[in-house]
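Here's the structure, in structure tokens; my notes come after.
The values are calculated or read from the model by the stated rules, or taken from the named source; none is laboratory data. Here the structure is a predicted model, which means the values were calculated and not measured. Cβ atoms come from the backbone with ideal geometry, glycine included; neighbour counts cover every protein chain shown.
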Amino acid sequence: MNRLKRIIFNKPTAVWQCGLTLLGGAALAVGITLTTAAAARAQAAYGSYVGAGIAVGLTDGDAGGEPQRTSGVVAARYKFLKLPVSIRAQALIGKRTTLVPTVSYDLPINWRTDAYIGVGAAVPLDDDRTTPLGNKTSFAIQPGIDYVLPNSQLVVFGNAVIAFDAYRQGGNTAASIQAGVGLRF
């Protein structure tokens, strides 16, 4: 009974202890919330990279029956750290070369993976011969994905390029897929 009287009548101590308990509980709740929220948000796969791989043409070319083409690809990405935007460039290199500069909107899937959609152009450097993306400069879209390998500076990339009105004869659409490995910097 004496203990109960001390707690009830010694209000400043009881109020102070109650306030500290509430303040500590609130601080703990805020810390847990902030930690959980930060972990739950997907972050972009950070880092620019330069890489190489293979490109495979998916379309058959002009009305003249140009065959599908396969070539190597050199790819680069410059990632803006505060924006979900990257500048990308690919060169499809073989007997014929095509440059594909694009600007992409990056959508983080998790902290290692970005999906993206880019817009730009397909620019063949040898106008009279067909490349995996046609034989004339054309508007292009580029959907793709980048994946950072765990515990390394390596990025695995894959994308498609669809070039509209890409052939001098017939004006057909050209498409190719690219895949490769890059080194982050």
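When you scan region 119-143, how many residues do you find that are within 14 Å of the chain's Cα centre (by Cα) and without any contact (Cβ under 8 Å) to a residue 40 or more places away in the chain? Residues flagged as within 14 Å of the chain's Cα centre (by Cα) and without any contact (Cβ under 8 Å) to a residue 40 or more places away in the chain within region 119-143 amount to 2.
Please verify whether Asp126 is under 16 Å from Ser71 (Cα atoms), among the charged types (D, E, K, R), in a loop (DSSP other than H, G, I, E, B) and assigned by TED's automatic domain parsing to the domain that holds Gly72, treating the condition exactly as stated. Yes: the conditions hold for Asp126. Any chance region 80-90 includes a residue that's at pLDDT below 90 and under 14 Å from Ala179 (Cα atoms)? Looking for residues that are at pLDDT below 90 and under 14 Å from Ala179 (Cα atoms), one finds none in region 80-90, hence no.
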